[in-house]
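Chemist: First the structure, which I've put down as structure tokens, then a few questions once you've had a look.
All of the numbers you see were taken from the coordinates with simple rules; none came from a lab. Here the structure is a predicted model, which is why all the values come from computation and not from measurement. Because the Cβ atoms are built from the backbone with ideal geometry, glycine has one as well, and the counts that use them run over all protein chains shown.
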Amino acid sequence: MEQKLYFAQYNEALKQNKLLGLKCQQCNTITTPPKMACRQCGSPDMEVVELKTDGKIRTFTTVFVGAEGRESEVPYILVIVELEEGPWIMGNLEGVEPKSVTMELIGKKVKMGNKIFAGDTYSAGESARPIFTLAG
Amino acid sequence: MKKVAVVGVGETKFSGPQTKTEVELFAEAATEAIAESNLKAKDIKALFIGNALGDIEEGQGMVASYAAENLGCHYAPANRYEGACASASMAVRDAFMWVASGYYDIVIAGGVERAATMGTGLATRTFAMFSDARYEYPSGVTFPAVFAMLTHLYADTYKIPLQKLREQMAKVTIQSYKHGAINPKAQFFGKNADMSVEKVLGSFVVCTPLTLHDCCPFSDGAAAVVLASEEVAKKLTKKPVYITGIGQASNGPLGNQNDYLPRIRARELSSEQAYKMAGIKPQDVDLCELHDCFSIASLIAAESLGFFDYGKAGEAWEKGEADIGGKVAINPSGGLKAKGHPIGATGAGQVYEVARQLRGEVEPGRQVPDAKIGLTDTLGGDGGTLVNMILERGW
């Protein structure tokens, strides 16, 4: 059985700042990133939908020790954002000084763009990643 | 289903970078366990070996077969298990099931890793392989970053001021260092016993708010345990330690666990299975070796295992309720934090510690008095694999 939405299509859409997801036809839960089956009820009966990219920061960290190949990126801010339609997705927060962020960040509204991670020895190619900035 | 006993245990010293190969490390631990069981290598019917990253650490795949041959278990079936930091616990659990089923009567299970040999950069990269490679790693997630984000989420969820939480987390570190300092197998044996809250909070920041002393070290090491059916165990030892409950559960990327975070739902389900199977409750547990890869991980684990209320584990550590003499003795080995975390071996190292605690054989300064029931808790990835096991005295 084919998956309704694959990584490749999700990735291409993200490069256009569009966030694709899947709406379960059984329980209405929104699943993103894409999967074969609904993250809530396990049904594969899902349809592709374009999600709103508005959300709020649920948690964050500033990373000072990077993985091999990414040492030059530190310090950077990682965030998990709760989208308006429910799912949580991971991305980076830009436009803010990484060393200055505090717990005040939690709950802040953000808007989404993207950047490309070019991949490394271990990655099967590139991936777009969400880049968030504070809204308003 | 047959009763299954741990009849012998073995472990190398957990350490920083060293020169023994993974096959050599595993053979050292396994041969110790076999000798303690009053058995010979040829008596072992099958091997179950956790190893997460040997391919990258040494360029060696299929380590289980090479280890079997190396230690004299010629032609015995040998399986490798990969579940990130829970690899060895998966191996022990599966070994348990093969003996419980009656198919094998004597097997060995354990694990080996040379994470420290990789160095910090490569180890950080490869540990991040246990986060989602397509949807999380591109953003630069690392393992400390996962638990750093859980720390901020924990503080927000339970409305604990971050500074207060960080001080509670420092108490976790201090307790682990205290026990690890007198455990000769621990990576930090003889070290860090004089750690203070100020030193923990003031050490190098890895990922806000986690400092170096909130994080476990990268480690090399191996551990192994011999499991036998009750019938065989009674002939081999006067002190069989029975595995009376097991549980395992899985989950997807961190973001998809949002209905429960900072709780780790897979752990709740896994430990429920183990408690139910053993017919015990959390308050019956005398000691617990839990997965303290980061100081915050101890708080999260102790709550999901049912020892303390959600948001209250930090207070328990402050009051000594999580130490020897408290409600439950947590990580008397020093835990991942001080004993070390050779990821593919860690779960077997927990079983090694619990078995020796129940037999009353550890150093007096960290022996849990009259321990009868012990629990292990191992987490792989960011909640992706959880394994729990309950062990009880069989005499």
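Chemist: Would you mind checking which residues have amide H under 5 Å from A:Val49's amide H? H placed 1.01 Å from N; only 5 or more apart, or other chain.
Modeler: Long-range HN contacts for A:Val49: A:Gly21, A:Leu22, A:Lys23.
Chemist: Could you tell me how far the Cα centroid of the stretch B:90-151 sits from the Cα centroid of the stretch B:262-316, in Å?
Modeler: What the calculation gives is 19 Å, centre to centre.
Chemist: Just counting partner chain Cβ atoms within 10 Å, what average do the residues of peptide B:148-160 show around their Cβ?
Modeler: Mean number of neighbouring Cβ atoms from other chains: 4.
Chemist: Over all directions, average the projected area of the Cα convex hull of chain B and note it in nm².
Modeler: 16.8 nm²
Chemist: Mind listing the Cα extents of the protein assembly as shown along all three principal axes, in Å, largest one first?
Modeler: Ordered largest first, the protein assembly as shown gives principal extents of 72, 54, 44 Å.
Chemist: When the Karplus curve 6.51 cos²θ - 1.76 cosθ + 1.60 is applied with θ = phi - 60°, which whole-Hz ³J(HN,Hα) does each residue of the stretch B:317-333 get, with x for Gly and Pro?
Modeler: 5, 4, 8, x, 6, 9, 10, 4, x, x, 5, 8, 7, 9, 6, x, 7
Chemist: Any idea what the relative contact order of chain A is, in percent, if you count C-alpha pairs under 8 Å spaced at least 6 apart?
Modeler: 21 percent
Chemist: Using the beta-carbon distance between B:Trp395 and A:Asp54 and R0 = 41 Å, what value does 1/(1 + (r/R0)^6) give for FRET efficiency, to the nearest 0.05?
Modeler: 0.05
Chemist: Could I ask something else about it? Among B:242-250, B:166-174, what's the highest-first ranking by average C-beta atoms within 10 angstrom per residue?
Modeler: Going by the mean number of other Cβ atoms within 10 Å, highest first, we get B:166-174, B:242-250.
Chemist: Would you calculate the volume per residue, in Å³, of the smallest convex hull containing every Cα atom of the stretch B:1-146?
Modeler: Spelled out: Cα convex hull of the stretch B:1-146, divided by residues, is 122 Å³.
Chemist: Within a 10 angstrom radius of the beta carbon, how do B:Glu230, B:Glu11 rank from fewest other beta carbons to most?
Modeler: Starting with the residue having the fewest Cβ neighbours, the order is B:Glu230, B:Glu11.
Chemist: Still on this model: Can you put B:Leu227, B:Leu212, B:Leu39 in order, fewest other beta carbons within 10 Å first?
Modeler: The most exposed by this proxy come first: B:Leu212, B:Leu39, B:Leu227.
Chemist: Next up: Let me check the size of chain A from its C-alpha atoms; what are the radius of gyration and Dmax in Å?
Modeler: When restricted to Cα atoms, chain A yields Rg and Dmax of 15.8, 48 Å.
Chemist: Grab the Cα-Cα distance for B:Ser250 and B:Lys2, subtract it from 0.36 nm times how many residues apart they are, and report the gain in nm with one decimal.
Modeler: Separation in residues times 0.36 nm, less the Cα-Cα distance, equals 86.7 nm.
Chemist: Once you put a point 7 Å from the Cα of A:Gln26 and another 7 Å from the Cα of B:Glu361, both along the Cβ direction, what distance in nm separates them?
Modeler: That separation, rounded to one decimal, is 5.0 nm.
Chemist: Stick to Cα atoms and the Kirkwood definition of Rh, then tell me Rg/Rh for the stretch A:55-134.
Modeler: 0.98
Chemist: Filter the cross-link list A:Lys4/A:Lys56; B:Lys238/B:Lys319; A:Lys115/B:Lys164; A:Lys99/B:Lys171; B:Lys191/B:Lys276; B:Lys20/B:Lys191 down to pairs whose alpha-carbon distance in this structure exceeds 30 Å.
Modeler: B:Lys238/B:Lys319; A:Lys115/B:Lys164; B:Lys191/B:Lys276
Chemist: Same structure again: Using a Gaussian network model on chain B with a 10 Å cutoff between Cα atoms, which of B:Arg134, B:Arg263, B:Arg366 fluctuates the most?
Modeler: So, out of B:Arg134, B:Arg263, B:Arg366, the one fluctuating most is B:Arg134.
Chemist: For chain B, modelled as a GNM with alpha-carbon contacts under 10 angstrom, which of B:Asn70, B:Asn192, B:Asn256 fluctuates the most?
Modeler: Looking only at B:Asn70, B:Asn192, B:Asn256, the largest GNM fluctuation is found for B:Asn256.
Chemist: Counting only C-alpha contacts under 8 Å and six or more residues apart, can you give the relative contact order of chain B as a whole percent?
Modeler: 26 percent
Chemist: In addition: Give me log10 I(q)/I(0) at q = 0.16, 0.20, 0.32, 0.34 Å⁻¹ for the stretch A:7-51, Debye formula, one equal scatterer per alpha-carbon, no solvent.
Modeler: -0.37, -0.55, -1.09, -1.18
Chemist: Given an 8 Å cut-off on Cα distances and at least 6 residues of separation, report the relative contact order of the stretch A:7-51 as a percent.
Modeler: 37 percent
Chemist: Seen from all sides and averaged, what is the projected area of the convex hull of the Cα atoms in the stretch B:161-261, in nm²?
Modeler: Averaging across all directions leaves 10.6 nm² for the Cα convex hull.
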